[in-house]
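The structure appears right after this line, and notes come after that.
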Amino acid sequence: APLLSLATRLLGSRADAEDAVQDAFVSAWRRLPEFRGDAAFSTWMYRIVTNRCLNVLRARRPTQDLAAIPEPAAPEHAASPVRAAEGTAAVEALSVALTGLTPEQRACWVLRELHGLSYGEIAEVVRISEQSVRGRIFRARRYLTEAMGAWR
């Protein structure tokens with residue numbers, strides 16, 4: 001489920017995410033002899049899924065909705081329709097804001113903020129330096145802070 005969640009958040013479409021994860025598993029199966037254990041198997045799978053999603057994102061038109069699927073409302077929101085509506089609106093605003101990130105910034109931000117990977121793990125997944133990961137996450141956070149200013 002973490003790989004499907006990652007793909008859904010990166011691609012914004014459950015159907016596209018399912019296709020990407022399925023393609024990633026087929027690719028992993030074919031490339032299994034190449035797996036040398038330099039990184040954890042889970043990191044290797046994150047890398048394959050992330051790369052597949054980045055390829056899909058790069059092939060899309062920038063105007064296409066790349067928003068993340070809204071998460072279910074937290075239990076405390078269930079008691080108040082107003083709070084539930086505010087939460088839904090905030091998630092929708094974040095989904096729209098995420099479309100302003102480059103695919104690479106989005107991947108790094110999602111892996112860090114939504115999946116809790118360390119900078120080192122993200123560097124392994126995306127195959128860039130840890131410093132580059134930090135830069136992409138910094139720029140993503142700065143952009144999202146500005147875009148989400150009304151929700152502070």
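The values are calculated or read from the model by the stated rules, or taken from the named source; none is laboratory data. Keep in mind it's a predicted model, so treat the numbers as computed, not measured. Cβ atoms come from the backbone with ideal geometry, glycine included; neighbour counts cover every protein chain shown.
What the table below lists for this structure:
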read-out: Ala15 vs. criteria more than 19 Å from Ala123 (Cβ to Cβ), modelled with pLDDT of 65 or more and over 14 Å from the mean Cα position of the chain (by Cα); value: yes
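Table: residues versus (1) closer than 19 Å to Trp44 by Cβ; (2) of a type outside the set (S, T, N, Q); (3) under 15 Å from the mean Cα position of the chain (by Cα); (4) assigned to a helix (DSSP H, G or I).
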residue: Arg112; (1), (2), (3), (4): yes, yes, yes, yes
residue: Leu117; (1), (2), (3), (4): yes, yes, yes, no
residue: Val125; (1), (2), (3), (4): yes, yes, yes, yes
residue: Val133; (1), (2), (3), (4): yes, yes, yes, yes
residue: Ile137; (1), (2), (3), (4): no, yes, yes, yes
residue: Arg142; (1), (2), (3), (4): no, yes, no, yes
